[in-house]
Amino acid sequence: MFPYIRGQIPNVKGKLNHIEQSIKFLTQSEIADRFRVSQATVINWRKRRLLGYFQALGSTKVLYPVTAVEEFEKKSIHKVEEVVNRKITRKSPEISTRPDKVWRV
């Protein structure tokens with residue numbers, strides 16, 4: 001989709017500014033606030049390649065495209081099924097689980 005998503009930057013210098021302006025990015029702290037996790041968790045997601053990112057050469061700032069974040073969000077949403085409360089009936093064991101007491105006088 002985007003050639004620079006996983007830390008790769010296009011070789012064309014003039015088009016980079018145009019690409020950055022047409023695509024919206026989120027910072028690491030914005031993603032952490034969005035998912036209510038710590039920034040370290042976002043870093044772990046990035047290292048595990050769950051989130052696409054952009055990092056300019058020689059820069060420490062990491063940006064995440066909104067499209068990559070939304071795609072990650074769709075993948076991580078789980079459907080919640082309604083739990084049906086069933087009455088559980090338990091049978092007593094046929095053999096006693098307690099050993100017989102030995103009485104000493």
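The values are calculated or read from the model by the stated rules, or taken from the named source; none is laboratory data. Since this is a predicted model, take the numbers as computed values, not measurements. Note: ideal-geometry Cβ built from the backbone for every residue, glycine included; neighbour counts use all protein chains shown.
Looking at this structure, is T67 loosely packed, with under 10 Cβ neighbours inside 10 Å, hydroxyl-bearing (S, T, Y) and modelled with pLDDT of 80 or more?
no
What pairs come out if I take residues in segment 46-57 that are more than 13 Å from E71 (Cβ to Cβ) and pair them with residues that are loosely packed, with under 14 Cβ neighbours inside 10 Å and not small (G, A, S) whose C-beta lies under 8 Å away, six or more apart or interchain?
Q55/K61
Are any of the residues in segment 80-92 out of contact with any Gly (no Cβ under 6 Å at 6 or more places or on another chain), among the acidic types (D, E) and modelled with pLDDT of 90 or more?
no
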